[in-house]
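Colleague: I have a structure I would like to understand better, so I am pasting it below and will then ask my questions one at a time.
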Amino acid sequence: MVISIASGKGGTGKTTVACGLASVTNNCVYIDCDVEEPNGHILLKPKITLEESSYKIIPKINNDLCNFCNKCTEVCEFNALLNFKTEIYLIDELCHSCGACTYFCPQKAITEVKKENGKIRIGETSNNILFYDAYLKVGEASAAPLIKKVKNAYKGDRPVIIDSPPGTSCSMLEAVKDSDFCVLVTESTPFGFNDLKLAINVLRQINIPYGIVINKYDENFSLLDEYIHDNQLNLLLRIPFRMDIAESYSKGELPTETVKDYKVMMLDLLEKIKKEIVKKEYA
Ligand code: SF4
Ligand code: SF4
């Protein structure tokens with residue numbers, strides 16, 4: 001069972017929900033894929049047992065073999081290669097390690113080499129959550145290769161909770177693809193509403209079943225409720241905008257451990273997600 005937690009924008013409380021869900025899921029694995037700003041460790045407080053460098057594969061051009069045919073610059077979707085006529089120059093921070101330039105080079109002038117793009121950490125929390133996170137190296141433009149690495153670092157069959165980066169870029173796509181179910185966390189604001197619609201669009205395109213959690217719920221903001229109702233979307237949970245929950249989070253404490261009814265909300269959310277996954281399996 002792989003559950004991803006995503007949101008169209010930052011600041012909705014996605015990580016609090018992801019960590020809360022992890023804390024009520026027996027024997028689970030939590031993977032923080034928000035590699036530009038991982039913060040699940042603040043709430044889950046794991047004991048880190050392993051930290052290792054991560055590498056991505058980048059092309060190395062042999063300008064002596066190159067005839068400057070431009071094939072590689074044309075196939076690079078990320079504009080990572082520049083043709084200076086006497087040299088093919090790689091902006092390695094933009095390279096997404098797709099391998100297209102190497103594959104299409106008619107002169108076999110490109111080989112592939114490793115370059116460090118971040119660090120991956122593994123640990124365990126006091127309540128047996130196996131913990132993974134990763135830090136993207138400063139200046140590195142592409143988070144997707146590191147997200148793929150940290151996702152693939154766990155190979156077992158325990159339930160997996162993936163904390164996705166916010167937004168709807170290729171980083172989010174990399175984090176949520178292959179999930180059995182995605183929880184979209186939003187908030188009762190115009191920005192939350194707008195970015196929820198963008199995130200729903202992405203999940204529909206990649207065919208991932210999803211449900212919605214409204215965090216910091218404000219009943220006075222009716223647009224969101226109306227949209228969910230009119231479009232018959234799957235609303236899983238409303239988490240009220242409450243001082244005790246906000247205080248717990250701001251102190252770096254997990255609300256499932258400090259706020260009376262938050263754990264009940266997370267258990268209820270987990271049950272609903274499990275039912276959705278079973279429904280999908282028998283569909
Ligand atoms: S495809 Fe190969 S030969 Fe052509 S410009 Fe690129 S490196 Fe040079
Ligand atoms: S590996 Fe892909 S992204 Fe990187 S330079 Fe080559 S074509 Fe561009």
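The values are calculated or read from the model by the stated rules, or taken from the named source; none is laboratory data. Predicted model, so just to flag it, every value in this text is computed and none were measured. Cβ: placed from backbone, ideal geometry, glycine included. Neighbour counts: every protein chain shown.
Colleague: List every residue pair whose Cβ atoms sit under 6 Å apart, with the two residues 6 or more apart in sequence or on different chains, where the first one lies in region 101-116 and is within 13 Å of Ile58 (Cα to Cα) and the second, anywhere, is away from ligand 2 (no atom under 11 Å from the Cβ).
Modeller: Lys114/Tyr55; Glu116/Ser53; Glu116/Tyr55
Colleague: So is Lys47 farther than 22 Å from Leu136 by Cβ and away from ligand 1 (no atom under 14 Å from the Cβ) or not?
Modeller: yes
Colleague: Checking Glu37 against (1) surrounded by 15 or more Cβ atoms within 10 Å (Cβ to Cβ); (2) assigned by TED's automatic domain parsing to the domain that holds Thr186, which test does it fail?
Modeller: Unmet for Glu37, out of (1) surrounded by 15 or more Cβ atoms within 10 Å (Cβ to Cβ); (2) assigned by TED's automatic domain parsing to the domain that holds Thr186: (1).
Colleague: Given the condition part of a helix (DSSP H, G or I), among the basic types (Lys, Arg) and either exposed (fewer than 15 other Cβ atoms within 10 Å of the Cβ) or touching a residue at least 40 places away in the same chain (Cβ under 8 Å) (or both), answer yes or no: does some residue in region 209-227 qualify?
Modeller: No: zero hits.
Colleague: Name the pairs: first residue in region 2-15 and in a strand (DSSP E or B), second residue hydroxyl-bearing (Ser, Thr, Tyr), Cβ to Cβ under 6 Å, at least 6 apart or on different chains?
Modeller: Val2/Ser179; Ser4/Ser164; Ser4/Ser179; Ala6/Ser164
Colleague: So in region 96-117, with the set limited to residues that are at pLDDT 95 or above and of a type in the set (Gly, Ala, Ser), which one is nearest to ligand 1 (Cβ to nearest atom)?
Modeller: Result: Ala109.
Colleague: Return the total of residues in region 42-93 being away from ligand 2 (no atom under 16 Å from the Cβ) and in contact with a His (Cβ under 9 Å, 6 or more places away or on another chain).
Modeller: The total comes to 1.
Colleague: Of the conditions (1) closer than 23 Å to Lys177 by Cβ; (2) within 16 Å of ligand 1 (Cβ to nearest atom); (3) free of Cβ contacts under 8 Å to residues at least 60 places away in the same chain; (4) not basic (Lys, Arg), Phe78 clears all except one; give me its number.
Modeller: (3)
Colleague: Working carefully through the options Ser222, Ser248, find the one that is in the same structural domain as Thr16 (by TED's automatic domain parsing) and within 26 Å of Ile129 (Cα to Cα).
Modeller: From the options Ser222, Ser248, the qualifying one is Ser248.
Colleague: Here's a follow-up. Phe193 passes all but one of (1) within 12 Å of the chain's Cα centre (by Cα); (2) buried (at least 18 other Cβ atoms within 10 Å of the Cβ); (3) at pLDDT below 95; which number fails?
Modeller: With (1) within 12 Å of the chain's Cα centre (by Cα); (2) buried (at least 18 other Cβ atoms within 10 Å of the Cβ); (3) at pLDDT below 95 applied to Phe193, the lone miss is (1).
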